[in-house]
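Asker: Quick one: the structure is below, questions incoming.
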Amino acid sequence: MKSVLLLFFLFVISSDLLAQQHQEYFPDPDTAIQHRLEEWKDLKFGLLMHWGSYSQWGIVESWSICPEDLGWASAARKKGVAEGNYFEYVKAYENLKTSFDPVKFNPEKWAAAANYAGMKYMIFTTKHHDGFCMFDTKYTDYKITDKGCAFSSNPRSNVTKEIFNAFRNQNMWVGAYFSKPDWHSDYYWWKQFPPSDRNCNYQIDKYPAQWKKFVDYTHGQINELVSEYGKVDILWLDGGWVRKTSDEEVKNILDEKYEGVRWARNP
C-alpha cells in the first residue's frame, strides 16, 4: 500500500560468535514512498508506546521470556515468579492474559496530552515479541479480545482500534508497531523443540512447511492491521533478524568476522 510508510527497526542475529550488526538499508524506489518518508521526517516529534499484559508486572516488554543468555533480559524477569524454572516462568507470564483488565483505559486523554505536547504522530505496539495481540486478530486466541482475557468483555477491548481513532481525531499520524518474531506462535517457537534464543527454534531449510505457516500467519496479521483499522500512516516492523537465512550465509558472515574460529549453529 503506497499510503503506508514502512519503517524497519532492524536487528540481526546475535550469538556468542556473531556480534549484533545492522542490516543495510535499501530505500524503496517508489517516489510516493520517498515523498511520504520526507513528510514523516518533517513531523520531528512523536510517540511510540509499548503496552501489553506484561505491564501488570511492571517489567520490560517480552524479553524476560527469551532464553537467550543476555544479562539485561534475564534481569528483566519478575522476581519471585517461578525463579529457577524457565518453563514455569513462561507459563506464568502468558497467564497474565487472564488478569489483564485496564478498566481505566482512555486513549482520548493520551491523544490530547500528546497533541498538547506538540507531538505529530503516534506508533502503538499492536504485538510485541511475546505474541500477545492488542488487536482483534483472527489468527490466534492469544489476544486482548479473546474471552479468556479479563478485558475482552469491555466494549473498547479492541484497544488498537480505539487508540488509532483517538489519535486520528487529534489530526496525528497513526502507526502500527508489529513484531515479526512471535515467541508464542507454534510456527516460530515450535513446541517440538525447546527455544534457545530469540530466533526461530527449528531449521527452516529442514522444515519449510512449518516456516511457510509462520510466513502466512505473519502476513495475515499485517494485512488485518493495514486493511481493517483505517488509514495506517506508519508500519513499524521490529525483528529484522527474522529472515530465511541459510547455513551457508551464516557461515560466510562468521568466517568474515571471525576468520579461523570454529563455530557451530543451533538448529
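The values are calculated or read from the model by the stated rules, or taken from the named source; none is laboratory data. Note that the structure is predicted; figures quoted are calculated from it, not measured. Positions of Cβ are generated from backbone atoms using ideal geometry, with glycine treated the same way; all protein chains shown enter the neighbour counts.
Asker: If you scan region 142-156, which residues turn out to be surrounded by fewer than 20 Cβ atoms within 10 Å (Cβ to Cβ) and touching a Gly at 6+ places or on another chain (Cβ under 7 Å)?
Answerer: Passing the criteria: none in range.
Asker: Then there's this: Go through the residues of region 177-199 one by one and say whether even a single one is without any contact (Cβ under 8 Å) to a residue 24 or more places away in the chain, within 20 Å of Gln56 (Cα to Cα) and of a type outside the set (Phe, Trp, Tyr).
Answerer: no
Asker: Give the residue that is surrounded by the most Cβ atoms within 10 Å (Cβ to Cβ), with candidates limited to residues of region 15-44 that are at pLDDT below 70 and among the small types (Gly, Ala, Ser).
Answerer: Ser15
Asker: Also, I was wondering about something else. Quick check: anything in region 200-214 buried (at least 21 other Cβ atoms within 10 Å of the Cβ) and outside any helix (DSSP H, G or I)?
Answerer: Within region 200-214, one or more residues are buried (at least 21 other Cβ atoms within 10 Å of the Cβ) and outside any helix (DSSP H, G or I).
Asker: Could you check region 215-240 and list, in sequence order, the residues that are buried (at least 19 other Cβ atoms within 10 Å of the Cβ), outside any helix (DSSP H, G or I) and at negative phi?
Answerer: Correct list: Tyr229, Val232, Asp233, Ile234, Leu235, Trp236, Asp238.
Asker: Then there's this: For region 77-133, give me each residue that is crowded, with 19+ Cβ neighbours inside 10 Å and among the basic types (Lys, Arg).
Answerer: Arg77, Lys97, Lys127
Asker: Among the residues of region 125-147, are any acidic (Asp, Glu), under 17 Å from His219 (Cβ atoms), within 17 Å of the chain's Cα centre (by Cα) and part of a loop (DSSP other than H, G, I, E, B)?
Answerer: Looking through region 125-147, none of the residues is acidic (Asp, Glu), under 17 Å from His219 (Cβ atoms), within 17 Å of the chain's Cα centre (by Cα) and part of a loop (DSSP other than H, G, I, E, B).
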